[in-house]
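Written out below as structure tokens is the structure these notes cover.
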Amino acid sequence: MGAGTGKLSGVNVAETILVFAAIPLAIVVVLALLTLKPGADRRPRYKPGQAWDHAPVWYEPHPAHAGGHGPVAAHGPAAVPGSGTAALGSSMYPEQPGERALDSGTGAGPAVGDGHVHGGATAARAIQPAGPLGGARGTW
Amino acid sequence: MTRPLEVDSHDTATNQTAAARTDEGRLDEVFSFRELARLDEALTMSSRETGLHFTLYVGELRTPTRTHAEELHARSGAHPTDSVLIAVSPGQRVVEVVTGAGAARRLPDRACALAVLSMTSSFSSGDLVGGIVNGLRQLSDQAGHPAGLRTH
């Protein structure tokens, strides 16, 4: 406020737009970015009833004697106790239709090791009878 | 953030072989790496503590789901008698637990049903990984620790 001039200076259109449109818009954009950015790479959460269109995955535990010191080349069928195989478990092996064939013994060595999940190393095995089976079923 | 290795595919896959590792989908397509680590630890620790072979199948099951789960169980390890398969089909909203004859002696059907019940209550609230981990914990607690098993 000047020294008692008593004269108000008008604002032109550009200043009006800047103050009343551009600044609120900028604030909204910044808040929207802060809100949406952290969730951009998050996978959609599973909700009961929605379709499941992922390929089947079969996980198995690490074999007890493998040690777990990174990817090791596999020899023969993995996870045979006492045979000294070094195939790492925790296998993610999407089920391949061709692998349903019998005991092929192809231990595909892990190609991608990221510290958490080692590549699959287990081939399909011959079907063996396991006696009377037990278990339970649940639906939700 | 951990990402899978980005590598060029020197594709040697043929009609007779499976797809190359680099051609398969992202490793964390279904679960995040954090969730995979939880699953991995739960599977490995319950298998080591009990001496049973726990495996986990997540995906579509052919109907009748029980038959498909039993077929999977027959292929689930070197000794299917001592293995336990947990087959979860989120699309069909079915979970099947299959125990071999040896495993069933230590994991009676009643214990499996209890574990399945706790799994389904988590699943119905949308928590797949938490339900699986809790179910594995219940199953391994029930199966106990056999005498003479060296875990370390």
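The values are calculated or read from the model by the stated rules, or taken from the named source; none is laboratory data. Every value quoted in this text rests on a predicted model; they were computed, and no experiment measured them. Methodologically, a virtual Cβ is constructed for each residue, glycine included, from the backbone with ideal geometry; neighbour enumeration extends over all protein chains shown.
Here are some notes:
- Exclusive hit being within 9 Å of chain A (Cβ to nearest Cβ), modelled with pLDDT under 95 and within 18 Å of B:Ala42 (Cβ to Cβ), set B:Asp141, B:Asp127: B:Asp127
- Exclusive hit being of a type in the set (A, V, I, L, M) and either under 11 Å from the mean Cα position of the chain (by Cα) or more than 23 Å from A:Lys47 (Cα to Cα) (or both), set B:Val98, B:Val94: B:Val98
- Filter result for B:Leu139 (crowded, with 22+ Cβ neighbours inside 10 Å and either in contact (Cβ under 8 Å) with a residue 60 or more places away in the chain or in a loop (DSSP other than H, G, I, E, B) (or both)): yes
- The condition of being within 7 Å of chain A (Cβ to nearest Cβ), surrounded by fewer than 18 Cβ atoms within 10 Å (Cβ to Cβ) and in contact with a His (Cβ under 6 Å, 6 or more places away or on another chain) holds for only one of B:Ala101, B:Ala37, that being B:Ala37.
- Of all residues in region B:64-87, those satisfying the criterion of being crowded, with 24+ Cβ neighbours inside 10 Å and either more than 20 Å from B:Ala143 (Cα to Cα) or facing another protein chain (nearest Cβ under 7 Å) (or both) are B:Ala69, B:His73, B:Gly77, B:Pro80.
- Count - residues of region B:41-52 that are crowded, with 24+ Cβ neighbours inside 10 Å and facing chain A (nearest Cβ under 7 Å): 2
- Residues located in region A:50-61, provided they are farther than 18 Å from B:His68 by Cβ and either within 7 Å of another protein chain (Cβ to nearest Cβ) or surrounded by 16 or more Cβ atoms within 10 Å (Cβ to Cβ) (or both): A:Ala51, A:Pro61
- Test: residue in region B:120-128 that is surrounded by fewer than 24 Cβ atoms within 10 Å (Cβ to Cβ), under 14 Å from the mean Cα position of the chain (by Cα) and within 16 Å of B:Leu56 (Cβ to Cβ): yes
- Test result for B:Leu61, aliphatic (A, V, I, L, M), within 21 Å of B:Ser121 (Cα to Cα) and surrounded by fewer than 24 Cβ atoms within 10 Å (Cβ to Cβ): yes
- Residue check for B:Gly144: more than 20 Å from A:Val57 (Cβ to Cβ) and among the small types (Gly, Ala, Ser): yes
- Verdict on B:Leu61 being closer than 24 Å to A:Pro132 by Cα, aliphatic (A, V, I, L, M), in contact with a Ser or Thr (Cβ under 7 Å, 6 or more places away or on another chain) and more than 8 Å from chain A (Cβ to nearest Cβ): yes
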